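Each remark here refers to the structure printed beneath this line.
The values are calculated or read from the model by the stated rules, or taken from the named source; none is laboratory data. Just so you know, these numbers come straight off a predicted model, no measurement behind them. Here Cβ is always computed from backbone atoms with ideal geometry, including for glycine, and neighbour counts include all displayed protein chains.
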Amino acid sequence: MYLSLIILGIIILATLLTAKDKDPFYKSLDSKEHPLKILYPLASRIYALFFKGGRESLFGGTDALREIYVDEKPEISLKKQGCKCLASILAVIAVTAFICFAYSYSKESLIIDGNGLKRNGAGSGTRRYSLVLNSEMAENDIIEIDVSERQLEGEDFEKLKSDVKQYLDIHVLGKNGSRECVKNKLELIETIPGTSVTIKWAEENSWFVAVDGSLKNEEFETPVRVILSAELSYYEKSWDYEIGLTIYPPDVTEKDLFEAALYEQLEEADEETINEEMFRLPGSVDGIALSWTEEEDNTVRNFFLLGLLAIGIIFPSMKRDIKKKQKERSDQMIKDYPDIVSKFIMLVTAGMTCRAAWDKICRDYLRTREKGSDMKYAYEEMLISNREMQLGIPEIKVYERFGVRCSVPVYNRFGNMLARNIKRGSASIIEILESEAKESFAERRENVRKKGEETGTKLLIPMFGMLILVIAIVVVPAFTSFSF
C-alpha cells in the first residue's frame, strides 16, 4: 500500500512542479489529439533524458513523423510523439498505483492487535477466517477458523421445523461411509438448514466425540460401539434422537494430534468469548508457540503486473498508429495526384511556366485552407517546395527533393519529370503530362476497384452469418413439422 502511495505521490508532485513550465510547445497542442497534455511538462523532462542518451528513436522514426506532420519540424514531431507515449505510461502507472492503494486501504485487516479476530454481529452468521499458521509443528500452514457470530445472553435460536431424523442419519456421518466403520470426524451440526429445528448434543457424547465432531479414539485398541444422543427442539416441543456408531482406533501422526488439540483450543476460546466482540487466537498449544499471520493477498501484485502489461502495449500501439497514419497519407496523396497533374497541365497550357503553375496551385490551396478545408499532404509538400524556391534553391533540385520527400512512386516520377524538362528544355512537357494524367486516372480507378473488392470481401462474413440464420429459420420449422 505504501509503495503505491509513494509512486502516486511522486507522479502528482512532479506534475505540479513541472506544470509551471511556460514553453509555448505545450500551448500549440490540440487537446483532442493530446488528451493527457497536463502530463506533458513532466513527460518532456523524461524525454530529454532519452534524447541525451540517444534513445529517442524508441518513440518513432523522424522520417515517418515528418511525412505525417508535414508542417512541423521533425524534432518537434518526435518530441510530441515521445511526450504522448511517456504521458500514457505515466497515466498507466498513476492509475495502477491509485487502484492498488485504494484496494489496500479499503481492505480490512483480519488480525487486530496481533491476535484478535473480529466477530460478526448478532444474527449475521459465522465468519470464516483463512490464516497462515507458523509454529514448530506447522510452517505457513493455512488454517480455516470459524468464528461464531456474536450472541446476546438469553437470545433463543430460531426454531426449525420438519422431521430431521433422515437428514441427521446421513449428515452426522460426515465423510464416513457407514455407521459400522467410523474413523473420520463427525458432523455434529447445531441447526438444520432451511428448517426451524435446533439440536443440542448430550454431554455424555463428550466421552467419545469432541464438540467439533472430532473423535476421541486415541486410546482405543479395538472398535467400540457407542450411541450418540441429542435433544431436538421445535418451538415448545422437543424429542430425543439417537444414532448408533462403531468407532475405530485412529492412525494418527504427531501433526494430527497437534491439529486436533489446536482446533479443540480454538473451540474453547470461541465458547469463552461468545459474548465479547473480539475472538483471541491462542498463543500456544501443548507448549508449542504459535504465530498467526494473514494469508498472502496477491491482488496488489496482480494490479502492478497488469500495469506493466499495459505499459508494454503502449510502444507497439504507438508504432502501429504511425504506420496507419503513413498508410492514410499515401492513400490520400495517390488520390489527389490526378487532380494535381490536371491543374498543372491546365496552367502550363495557358502559358505559365512550371514554377508559376506550381506557385498558383499552392496559393489556391492556401485559400481553401483558410476557409476551413482539410489538410492535404500532397499540397503541403508542394508548399514546402514552393518556399524552397522562394529561398533561392535551384528549381531542378527542388523538384527532385519533392519527389524523394513524398516517398510515393507517382510523385517521385512527377518530380523527376519536371526536373528533366528544365534540364533538357523539352517542348513536349504538355504531352508527357497529359499521358501521365491518363495513367494516374486509370490507376485511381483501379485503386477504387480494389478497395471495393476488399470491402466486398469484408462483407462476406456477415453475409454468411445471415445466410446461416435464414437457413435455420427455414429448415428448423420444416424438420420439427415431420412426425417419425
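Worth pointing out:
- In segment 121-142, of all residues being within 34 Å of the chain's Cα centre (by Cα) and polar (S, T, N, Q), the one that is modelled with the highest pLDDT corresponds to 130.
- Any hit, segment 158-167, residues being hydrophobic (A, V, I, L, M, F, W, C) and either under 45 Å from the mean Cα position of the chain (by Cα) or at pLDDT below 80 (or both): yes
- Screening 288, 227 for residues that are more than 18 Å from residue 145 (Cβ to Cβ), surrounded by fewer than 17 Cβ atoms within 10 Å (Cβ to Cβ), in contact with a strand residue (DSSP E or B) (Cβ under 8 Å, 6 or more places away or on another chain) and assigned by TED's automatic domain parsing to the domain that holds residue 200 leaves exactly one candidate, 227.
- Flag if residue 282 is part of a loop (DSSP other than H, G, I, E, B) and of a type outside the set (Phe, Trp, Tyr): yes
- Within segment 188-210, being surrounded by fewer than 16 Cβ atoms within 10 Å (Cβ to Cβ) and over 22 Å from residue 239 (Cβ atoms) holds for one residue alone: 207.
- In segment 172-270, counting only strands (runs of 3 or more DSSP E) that sit wholly within it, the ones holding 3 or more residues that are over 29 Å from residue 286 (Cα atoms) and modelled with pLDDT under 80 span 237-247.
- Considered as a group, the residues in segment 341-362 that are charged (D, E, K, R) and in contact (Cβ under 8 Å) with a residue 24 or more places away in the chain include one that is surrounded by the most Cβ atoms within 10 Å (Cβ to Cβ), and that residue is 359.
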